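Chemist: Mind looking over this structure? Questions follow.
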Amino acid sequence: MEVRIRLQKVGKSANKHYNWRVVVISRNKSRHGRSLDILGHYDPSKKPAVVSINKEKLEQWVKKGAQMTNTVRSLVAKSK
């Protein structure tokens, strides 16, 4: 089972401001599928955007072989 670290949409679409979760999920699951673990949150509607990621959990999943998407990789770089 290939595992990815990616964003998952949460929140209402009425105002078009979504919040995002940084999750660990199987590669073949949809964006709204059940995740294995929640690593953090990303809120782009705030100025500046709020990025909150649990670095310890992230490192554990990467050591287990989980691959980050490009978007998550850039968010991790911004949060440092």
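Chemist: So what is the 222 nm mean residue ellipticity for the chain from helices alone, if each DSSP H run of at least 4 adds -39500 (n - 2.57) and you divide by all residues, rounding to the nearest 500 deg cm²/dmol? Provide the component values of the computation, followed by the final result.
Modeler: Values: 2 runs with 19 residues, N = 80.
Helices in the chain give a 222 nm mean residue ellipticity of -7000 deg cm²/dmol.
Chemist: Here's another thing I want to ask about it. Run through the DSSP bridge list for the chain and note the antiparallel percent, rounded to the nearest 5. Write out the running numbers ahead of the final one.
Modeler: Working: 17 of 19 bridges.
In the chain, approximately 90 percent of DSSP beta bridges are antiparallel ones.
Chemist: Ranked highest first by the average count of other Cβ atoms within 10 Å around their residues, in what order do 71-80, 18-27, 47-56 fall?
Modeler: Numbers: 71-80: 14.2, 18-27: 18.7, 47-56: 12.2.
Ranked from most to least packed, the peptides come out as 18-27, 71-80, 47-56.
Chemist: Could you count how many Lys pairs in region 3-68 have their Cα atoms under 29 Å apart, skipping same-chain pairs fewer than 8 positions apart?
Modeler: For region 3-68, qualifying lysine pairs total 27.
Chemist: When the Cα atoms of region 3-68 are enclosed in a convex hull and the volume is divided per residue, what value in Å³ results? Display every interim value, and only then the final one.
Modeler: Values: hull volume 5.0 nm³, N = 66.
Per-residue hull volume (Cα only) is 76 Å³.
Chemist: Another one. Under unit Cβ charges (Lys, Arg +1; Asp, Glu -1), what dipole magnitude, rounded to 20 debye, does region 11-71 have relative to its Cα centre? Working shown, then result.
Modeler: On the way: 13 positive and 4 negative charges, 43 e Å.
My answer is approximately 200 debye.
Throughout, read-outs are computed from the coordinates displayed, never taken from laboratory work. If you're wondering where the values come from, they're calculated on a predicted model, not measured in any experiment. In this analysis, Cβ positions are derived from the backbone assuming ideal geometry, glycine residues included, and neighbour counts consider all displayed protein chains.
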